[in-house]
Every structure is written in structure tokens, then in C-alpha cells.
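**Student:** Quick one: the structure is below, and I'll ask about it shortly.
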Amino acid sequence: MDEENRLGKDVETLKDDLSKLREDLSGIAQSLLEKGKSETDAAKEMLSEGLQDEFQAAREKSKETVASLEDQIRKKPLVSLLIAFVIGLFLGKLFDRR
């Protein structure tokens, strides 16, 4: 009889321990989920900032290139016209459908 009581107490203790373990594992899983989410949000923010910086740099570079091209056209209009004409002829031959 004493053995059955002790076995019953051991089973109850084991149930309690399993319940605590389940709660602990649930807490760990929740913590990992929250940490993963915060790290993902941080990485997303860094990527977004990086892309915005690259886009801004590309925009500035294109503005500089257009300004330089406009300056060259103003300095040498006949050469620019000749280059445009030759490019037009080349594209015309390239896309000719005969």
C-alpha cells in the first residue's frame, strides 16, 4: 500500500514536471519567435535604407550624366547632330524588315 502511494506521488510529480517543461518550452518558443521577428524587421529596415541610398546615388549619377551630355551637345552641336544621324541610320538598318 505504501508502495502504491509513493508510486502515485511519483506519477503526480512527473505530471507536474511535464506540465512545467511544456510551459518552459512554450516560453522558449515564443521568445525565439519574437527574437526572429525583431531581427527580421531590423534586416528589412537595413535593406530598405540601403536600397534607398543606392537609388538616390543612381538618380544623382544619372542627373550628372544628363547634365554632362547636355553640356557636350551645347559645346559641339554639329558633332552631336552627326552622331545622332549615324545612330539613327544604324538603328534603321538594324530594324529594317526587308
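Bear in mind these aren't lab numbers, they're just calculated from the coordinates by the rules spelled out. For clarity, every value in this text was computed on a predicted model and none was experimentally measured. Methodologically, a virtual Cβ is constructed for each residue, glycine included, from the backbone with ideal geometry; neighbour enumeration extends over all protein chains shown.
**Student:** For the Cα atoms of the chain, what angle does the longest principal axis make with the long axis of helix 2-75, in degrees from 0 to 90, nearest 10?
**Tutor:** Once rounded, the angle reads 10 degrees.
**Student:** When a/c is below 1.5 the answer is rounded, else prolate if a/b is larger than b/c, else oblate, so apply that to the range 1-55 with a ≥ b ≥ c taken from the square roots of the Cα gyration tensor eigenvalues.
**Tutor:** prolate
**Student:** Pull out the extension gain between Val86 and Asp17, defined as 0.36 nm times the separation in residues minus the alpha carbon to alpha carbon distance; nm, one decimal.
**Tutor:** Fully extending the segment from Val86 to Asp17 adds 16.3 nm.
**Student:** Separate question: For the chain, with the dipole built from +1 on Lys and Arg beta-carbon atoms and -1 on Asp and Glu ones, taken about the Cα centre, which of Leu51, Leu69, Phe85 lies farthest toward the positive end?
**Tutor:** Phe85
**Student:** With the crude spin-label approximation of a point 7 Å out along Cα→Cβ, what separation in nm comes out for Arg74 versus Lys37?
**Tutor:** 5.6 nm
**Student:** On C-alpha positions alone, give me the angle between the axis of helix 77-94 and the longest principal axis of the chain, in degrees, nearest 10.
**Tutor:** In the chain, helix 77-94 runs at an angle near 70 degrees to the longest axis.
**Student:** Could you give the size of the charge dipole of the chain about its Cα centre, using +1 on the Cβ of each K and R and -1 on the Cβ of each D and E, expressed in debye and rounded to the nearest 20?
**Tutor:** Approximately 1720 debye in magnitude.
**Student:** Under 16 Å Cα to Cα from Lys20, which aspartates and glutamates show up? Leave out anything in the same chain fewer than 8 places away.
**Tutor:** Asp10, Glu12
**Student:** Something else now. Any chance you could get the radius of gyration and Dmax over the Cα atoms of the range 2-94, in Å?
**Tutor:** So, for the range 2-94, Rg and Dmax equal 35.8, 112 Å respectively.
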